[in-house]
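Step one of this worksheet: look at the structure below.
The values are calculated or read from the model by the stated rules, or taken from the named source; none is laboratory data. From a predicted model like this one, the values you see are computed outputs, not experimental measurements. Counting neighbours? That spans all protein chains shown, and the Cβs are built from the backbone with ideal geometry, glycine included. Note: areas computed on protein heavy atoms with side chains; ligands, DNA, RNA excluded. Shrake-Rupley method; radii C 1.70, N 1.55, O 1.52, S 1.80 Å.
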Amino acid sequence: MANPGTPTFDQLRIFLAIVDTGSFAAAGRKLNRAVSVISYGIANLEAQLGLSLFDREGTRKPTLTTAGRALLAEARAVAEGMDGLRAKVKGMLDGLEAEIDVAVDVMIPPDRLGKVLRGFAQTFPTVQLRLHVEALGAVTAMVLDGKAIVGISGPITDGAERVAAGQTLMVPVAAPDHPLARMDPIPPGAGRHYTQLVLSDRSRFTEGRDFAVVSSKTWRLADLSAKHALLKEGIGWGNMPIHMVEGDLQSGALVKLAMPDTTEGVYGFWGIWRRDLPPGPAAQWLLDEFVASTALCKEYEGLPEV
């Protein structure tokens with residue numbers, strides 16, 4: 001029985017570069033290697049494995065063979081693991097960060113955010129922190145673009161490594177003199193006929209996408225505080241995190257809408273980071289504390305409804 005040899009990491013990088021770029025020449029440009037070096041590396045890899053990975057005949061573009069397709073996922077896993085290992089070691093060699101950028105979702109309850117950041121300031125007095133408060137996919141965009149080393153994101157985490165970090169409750173509300181607030185009961189579909197105030201952002205992750213939007217009449221706002229103010233003015237109805245409107249519901253400045261087709265729901269949070277840019281000690285502490293603080297997420301019951 002034939003035993004395969006052991007490929008080098010460099011050979012796997014060459015293999016993946018050809019797959020990702022579509023040609024030997026493009027792979028050479030990506031890796032800053034001559035085409036002859038790329039060809040030699042693949043030839044050695046195929047000799048080590050005893051398999052043909054690319055079909056080079058009858059086409060100008062190298063095409064994966066059945067064996068090449070079967071090994072592609074394993075090769076990516078090895079490469080990602082090596083990238084993660086090297087990045088982790090770099091962080092350890094570099095030591096404690098001098099400064100970090102952190103992006104958090106605007107829906108995070110401020111008391112929870114404040115408690116974690118107060119602990120951070122006490123634990124890491126020499127580390128400067130820049131805090132970015134964003135909406136929806138903008139948190140993920142900042143992390144993936146390298147503008148923030150870690151993020152506490154809402155449900156949009158496409159492309160990022162993530163760990164669950166709690167949740168908050170979203171409820172539909174309106175001013176007490178809004179037409180929906182005066183309906184008892186609110187008939188199904190009524191929300192479609194009145195202006196809905198919708199939080200939005202300009203990130204590429206939410207372009208052309210709507211979340212919990214039921215009305216054909218909408219006002220789009222990128223600021224949650226502005227949405228809150230307009231709701232209290234009776235300009236429209238909308239979903240809000242319970243911690244932000246809790247006092248208004250108790251005072252009567254806003255009422256919770258018992259809408260049969262637009263119910264309250266959970267808005268989940270995730271701690272996110274890039275695999276190839278893992279957090280250093282201080283940023284990792286922040287992630288761990290946000291995860292640990294999920295116990296602070298309260299259950300809200302008995303609030304007034306229409």
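With (1) open to solvent by 30 Å² or more (accessible area, probe 1.4 Å); (2) modelled with pLDDT of 85 or more; (3) on the phi < 0 side of the Ramachandran plot as the list, and Leu287 as the residue in question, which single condition is left unmet?
Of the numbered conditions (1) open to solvent by 30 Å² or more (accessible area, probe 1.4 Å); (2) modelled with pLDDT of 85 or more; (3) on the phi < 0 side of the Ramachandran plot, the odd one out for Leu287 is (1).
Starting from region 152-165, take each residue that is in contact (Cβ under 8 Å) with a residue 24 or more places away in the chain and list its partners that are of a type in the set (D, E, K, R) and open to solvent by 50 Å² or more (accessible area, probe 1.4 Å), counting only C-beta distances under 8 angstrom and pairs at least six apart or across chains.
Close Cβ pairs satisfying both conditions: Ser153/Arg162; Ala160/Arg274; Glu161/Arg274; Glu161/Arg275.
Which count do you get for residues in region 290-306 that are open to solvent by less than 20 Å² (accessible area, probe 1.4 Å) and either assigned to a strand (DSSP E or B) or at pLDDT 85 or above (or both)?
1
I'd like the residue in region 263-276 that is more than 19 Å from Phe124 (Cβ to Cβ) and of a type in the set (A, V, I, L, M, F, W, C) and, out of all such residues, is surrounded by the fewest Cβ atoms within 10 Å (Cβ to Cβ).
So the residue we want is Val266.
Show the residue pairs meeting these rules: Cβ distance below 7 Å; 6+ apart or different chains; first residue within region 209-226 and aliphatic (A, V, I, L, M) and in a loop (DSSP other than H, G, I, E, B); second residue open to solvent by less than 70 Å² (accessible area, probe 1.4 Å) and at pLDDT below 80.
Val214/Thr262; Ala222/Ser200; Ala222/Asp201
Are any residues in region 93-117 closer than 22 Å to Met170 by Cα and part of a loop (DSSP other than H, G, I, E, B), and if so, which ones?
Val106, Met107, Ile108, Pro109
Scan region 56-68 and give yes if some residue there is under 22 Å from Met82 (Cβ atoms), in contact with a helix residue (DSSP H, G or I) (Cβ under 8 Å, 6 or more places away or on another chain) and not in a helix (DSSP H, G or I), otherwise no.
Yes, region 56-68 contains at least one residue that is under 22 Å from Met82 (Cβ atoms), in contact with a helix residue (DSSP H, G or I) (Cβ under 8 Å, 6 or more places away or on another chain) and not in a helix (DSSP H, G or I).
Which one of Gly159, Gly84 is within 24 Å of the chain's Cα centre (by Cα) and part of a loop (DSSP other than H, G, I, E, B)?
Step by step, each of Gly159, Gly84 is checked, and only Gly159 is within 24 Å of the chain's Cα centre (by Cα) and part of a loop (DSSP other than H, G, I, E, B).
In the list Asp276, Asp223, Asp201, which residue meets the criterion of being within 21 Å of Asp145 (Cα to Cα), modelled with pLDDT of 80 or more and among the charged types (D, E, K, R)?
Asp276
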